[in-house]
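Encoded as structure tokens, the structure appears first; notes follow it.
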Amino acid sequence: MEPLSFKLNTVRDTPKDEHLYPGSSMCAGCGAQTMIRLFLKVIGKNSIVVNAAGCMTLLQTYPLSNLSTGWLYTAFACAPAGAQGIRDALDSLIDQGKIPDEKINVLVLTGDGAAYDIGLQSTSAAMDRSLDFYYLCYDNEAYGNTGFQESGATPYASKTATTPVGRVNDIGTLKPKKDLFEIWRAHEPSYLATISPAYPMDLMKKVEEASHLKGPKMFIGFASCPTGMGFDPSLSMRVARLAVETGIWPLKKYAHHEITHTILPKFTPVEEYLKVQNRYSHLFNPKNEEAISRIKEQVLLYWKKFGIVPKSNSHS
Amino acid sequence: MNDLITGNEAAAWGARLAKVDYVPIYPITPQTEIVEKISKWAADGLINARVTRMESEHSMLTAAGAAALAGARVFTATSSQGLLYAFEMLYNISGWRAPLVMVNVSRGLASPLTLLPDHNDVLAARDSGFLQFHAETCQEALDSVLLAYRIAEDSRVMLPAIVNLDGFYLSFTRERVDVPEQKDVDDFLGPYKVKPLSKENLPSMGITTLDPAVYSYFRYQVHEAQKQAIKAIDDATKRFEKFFGRKLKAIEAYMAEDADYLLIMTDSFSTIGKRAVKRMREENVKVGLLRLWALRPFPIDDLVQAVKGKRGIAVFDQDLSPGLGGIIYQEIAGALYGTDDAPKLASFIGGLGGKIPTDLDFEYMVKVLKENIPPNEPHLLMSKSDMELVKKQREIALRGGV
Ligand code: SF4
């Protein structure tokens, strides 16, 4: 990968170049698109995006494209394998002296359905083979493109179209969110981080850091999703910010065999985050108080593992 | 070089001589020997191809198609369950117009699980847009790979191709194979024509359309390209004969010219069919055989020509579409329907799971044609001794009071 020709110290250093143009048919306020826009600002247009079925597949609808990069849509389960084919083809031709090495980046772009569920195997294998690529998972915690059904990424107590709330089940999703970060980390990728559209400097710095490394560079981004999660598009960045401030979406990186949290939570009460989203509206019924307590416990448990505890106990 | 090699090795030689840039691999019986051979050649530095072990056939096909679009000449191989596991990508890759070559070593599909060949695997891919060429001999396995590249990469075609060879009967059978000189193959094939990805060439590929007319247009294009492939086959096989002296055709006619009756077959069992034809000829039965080498594109015009004036055609299907019958029979019936003096057709299912057709089977097929037995039902070939064996095994299986 080509090292960047600029330094990212403040938000003023953000590259002016845009590689994701406006005018797509995506939802207003989609956090995923903000992340893609920032991500591409760092790695540049000399890239090919390899996509799996998901919301972002519709970024490109014939005959229009709003990306200045290349693009290949594969299928649901196999974008990392498509990335492998492109990388291998270019490397083979470079090694044989048939083409010069133009340092073309290969970026896999999928939602959480592909990353956590149907494409877990192909991602695992790409990391196993130390494929030199970027992976950006925009995680809106459900199958968003098909109308917000439960996925491996859906957290406990989220309502979805296939885990609705009813007389028998008044919680919605009963399982916890799958820990993809740890699953990916077990593969020892060159770089691994979580990102958020509400923390652009954190996001871009991580991508910049990763760009100096060869091998798998893996990113899981919180995709605030007004359509699926159920909030007004104008609140998208606020929801993304609250996910981090409450401690629900830890911003961290794993590089050189070490996990570092890049932004520490304020331990803002989780209710602040839950109450603005329709997918959690059923929790604010007095008989579901226990579910909210459980979410709080999960958050505290996570941070305790890293020796990070709230300053006061006011949150609980 | 002229050597005794297996069908698998012959197919691998085809890839080697085509100087492929990339081979994504995944093992499956009876194909594995192909990717082992290629891996060894790569390890020994005898080929420049990059060989990558994938984690499934689905990913293998994805990587193969993506690499072909990125500018690499690509070879890969699979069998049976593997082909079906990769299935959705076949349609993608034909839509991508990525002219790679994949060998399928035929093997019957589970369940019951088997290792021996029939063609339900490869015929499942008939609607995918892949070209399909079916080899009868080890020599043809090699030749078909070279021809497949020439035809797939023809600018009128630009479609992926499957070369089929039968598991075990061809894959593990050694025959004398003439391995062409590298220089001749270089001249025969020419360089791969897809422009490699570069800063100046980063297109959008495989993208969505929600407009039915646009979708139809692009799928029609795949059909048009298949039709152009008929001409490309003609040109490529003529060129092949000039370079290497061997003649291949979309349909091979064996003792067919003066025949009253024809058998239609594909793949390695055609050799058994030819032997039966020869023997029946000695008894003055005027029978011949057509062997389909190209199944996609389906050589309709050649077929109509070849059956003109015949009294009866027996189609031997080494496949079964339950609830309908023989797949190739249906295609032939469709092709001949409404043509002048179309001969009588009869359908025979045999060779499932590698069941070898016997002399009696072939005699029965001709008898059906001669006696004009109504053709509506496919004849499921099963001899008395076959049935004895089944009965014996069922008795053992049912022992123990189930
Ligand atoms: S459904 Fe959600 S993730 Fe998908 S495009 Fe709309 S806002 Fe973005």
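The values are calculated or read from the model by the stated rules, or taken from the named source; none is laboratory data. Keep in mind that this is a model prediction, so the values were computed, not measured. Cβ atoms come from the backbone with ideal geometry, glycine included; neighbour counts cover every protein chain shown. Surface areas here come from the heavy atoms of the whole protein model, side chains and all, with no ligands, DNA or RNA. Shrake-Rupley method; radii C 1.70, N 1.55, O 1.52, S 1.80 Å.
In this simple spin-label model, placing a label point 7 Å from the Cα along the Cα-to-Cβ direction at both A:E258 and A:Y21 gives a separation of 4.4 nm. Annotation: amide H-H contacts under 5 Å for B:L262 (H modelled 1.01 Å from N, sequence separation of 5 or more, or interchain): B:G288, B:G312, B:I313, B:A314.
Counting only protein heavy atoms and using a 1.4 Å probe, the accessible area of B:T137 comes to about 40 Å².
Note on A:Y302/A:R167: beta-carbon distance plugged into 1/(1 + (r/R0)^6) with R0 of 30 Å gives a FRET efficiency of 0.40.
In terms of its alpha-carbon gyration tensor, the stretch A:209-316 comes out oblate; a/c meets the 1.5 threshold, while b/c is at least as large as a/b.
Each residue of the stretch B:177-192 was assigned a 3J(HN,Hα) from its phi angle through the Karplus expression (A = 6.51, B = -1.76, C = 1.60, θ = phi - 60°), giving 10, 8, 8, x, 6, 4, 4, 5, 5, 3, 5, 5, 8, x, x, 5 Hz with x at Gly and Pro. Lys/Arg Cβ at +1, Asp/Glu Cβ at -1, dipole of chain B taken about the Cα centre: which of B:G350, B:T62, B:L115 is farthest positive-ward? Final value for the positive-end residue is B:T62. Which angle from 0 to 90°, rounded to the nearest 10, does the C-alpha axis of helix B:7-17 make with the longest principal axis of chain B? So the helix axis and the longest Cα principal axis differ by about 30 degrees. What are the residues whose amide H is under 5 Å from the amide H of A:V50, where those residues sit 5 or more places off or on another chain and H is modelled from the backbone? Under 5 Å from the amide H of A:V50 lie the amide H atoms of A:L72, A:L107, A:V108, A:L109, each far enough along the sequence or on another chain. Beta-bridge orientation, the protein assembly as shown: approximately 30 percent antiparallel, per DSSP, counting only bridges with both partners inside. To the nearest 10, the accessible area of B:V390 is 50 Å² with a 1.4 Å probe. Per-residue accessible area (protein heavy atoms, 1.4 Å probe) orders B:Y85, B:Y261 as B:Y85, B:Y261, starting from the largest. Once backbone amide H atoms are built at 1.01 Å from N, A:N145 has A:C55 as its partners under 5 Å, excluding neighbours fewer than 5 places away on the same chain. Only Lys, Arg, Asp and Glu carry charge here, each on its Cβ (+1 for the first two, -1 for the last two); on that basis chain B has a dipole of about 200 debye about its Cα centre. Fully extending the segment from A:Y156 to A:E188, taken as 0.36 nm per residue of separation minus the present Cα-Cα distance, adds 8.8 nm.
Test of understanding: what is the full-extension gain from A:K175 to A:A28, defined as 0.36 nm times their sequence separation minus their Cα-Cα distance?
50.0 nm
Beta bridges assigned by DSSP with both partners in chain A are antiparallel in approximately 30 percent of cases. Size descriptors for the protein assembly as shown: radius of gyration and Dmax over Cα atoms are 29.8, 103 Å. Other residues with beta-carbon under 10 Å from the beta-carbon of A:M204 carry, at +1 per Lys or Arg and -1 per Asp or Glu, a net charge of -1. In this structure, B:D301 and B:N372 have a Cβ-Cβ separation that, at R0 = 22 Å, corresponds to a calculated FRET efficiency of about 0.20. In a simple Cβ point-charge model (Lys, Arg +1; Asp, Glu -1; nothing else charged), the protein assembly as shown has a dipole of about 1420 debye relative to its Cα centre.
Farthest towards the positive end of the charge dipole of chain A, among the residues A:S224, A:L20, A:L131, is the Cα of A:S224, using unit charges on the Cβ of Lys, Arg, Asp and Glu.
Taking a ≥ b ≥ c as the square roots of the Cα gyration tensor eigenvalues, the stretch B:262-365 comes out oblate, since a/c reaches at least 1.5 and a/b does not exceed b/c.
Histogrammed with a bin width of 10 Å, the alpha carbon distances of chain A distribute as 6, 27, 36, 22, 7, 2, 0 percent, first bin at zero. For A:H212 and A:K311, the FRET efficiency from 1/(1 + (r/R0)^6), where r spans their Cβ atoms and R0 equals 51 Å, is about 0.90.
Dipole of the protein assembly as shown computed with +1 at Lys/Arg Cβ and -1 at Asp/Glu Cβ about the Cα centre; of B:S94, B:G325, A:F76, farthest Cα towards the positive end is A:F76. Short-range pairs are left out: with C-alpha atoms under 8 Å and at least six residues apart, the relative contact order of chain A is 17 percent. Shielding value for B:264-277 is 0, the average number of Cβ atoms from other chains within 10 Å of each residue's Cβ. Backbone geometry of the stretch A:294-307 corresponds, through the Karplus equation with coefficients 6.51, -1.76 and 1.60 at θ = phi - 60°, to 3J(HN,Hα) couplings of 5, 4, 4, 4, 4, 5, 5, 4, 4, 6, 4, 4, 9, x Hz, x marking Gly and Pro.
Note on exposure: A:S68, B:S270 ranked by accessible area (1.4 Å probe, complete protein assembly) read A:S68, B:S270, with the most exposed listed first.
Quick one: length gained pulling B:L46 to B:D234 fully straight, 0.36 nm per residue minus the C-alpha distance?
Here the answer is 64.5 nm.
Name the shape class, rounded, prolate or oblate, that the alpha-carbon gyration tensor gives for chain B, where a ≥ b ≥ c are the square roots of its eigenvalues, rounded holds for a/c under 1.5, and otherwise prolate holds if a/b is larger than b/c and oblate otherwise. The shape class here is prolate.
Counting only C-alpha contacts under 8 Å and six or more residues apart, can you give the relative contact order of chain B as a whole percent? Relative contact order, chain B: 15 percent. Protein heavy-atom surface of the stretch A:65-163, 1.4 angstrom probe: 49% of the accessible area is carbon and sulfur, with nucleic acids and ligands not counted.
What accessible area per residue, rounded to a whole number of Å², is obtained for the stretch A:189-316 using a probe radius of 1.4 Å?
Averaged over the residues of the stretch A:189-316, the accessible area is 45 Å².
Computed over protein heavy atoms with a 1.4 angstrom probe, the accessible surface ordering of B:I28, B:I93, largest first, is B:I28, B:I93. For the set B:K40/B:K238; B:K238/B:K274; A:K7/A:K296; B:K227/B:K286; A:K41/B:K19, the pairs lying more than 27 angstrom apart at their alpha carbons are B:K40/B:K238; A:K7/A:K296; B:K227/B:K286; A:K41/B:K19. For the stretch B:197-212, backbone phi angles converted through the Karplus equation (6.51, -1.76, 1.60; θ = phi - 60°) give residue-by-residue couplings of 4, 7, 3, 8, 9, 10, x, 8, 10, x, 7, 7, 9, 10, 9, x Hz, Gly and Pro being listed as x.
For the stretch B:2-244, what is the percent of antiparallel DSSP beta bridges, rounded to the nearest 5?
Antiparallel: roughly 25 percent of the beta bridges in the stretch B:2-244.
Computed about its Cα centre, the charge dipole of the stretch B:152-207 is approximately 280 debye, with only Lys, Arg, Asp and Glu carrying charge at their Cβ. At the residue level, B:L113 shows approximately 130 square angstrom of accessible surface with a 1.4 angstrom probe and all protein chains present.
Take each residue in B:45-56, count the other chain C-beta atoms within 10 Å of its C-beta, and the mean is 5. Taking every C-alpha pair closer than 8 Å and separated by at least 6 residues, the mean separation divided by the residue count of the stretch B:251-388 gives a relative contact order of 24 percent.
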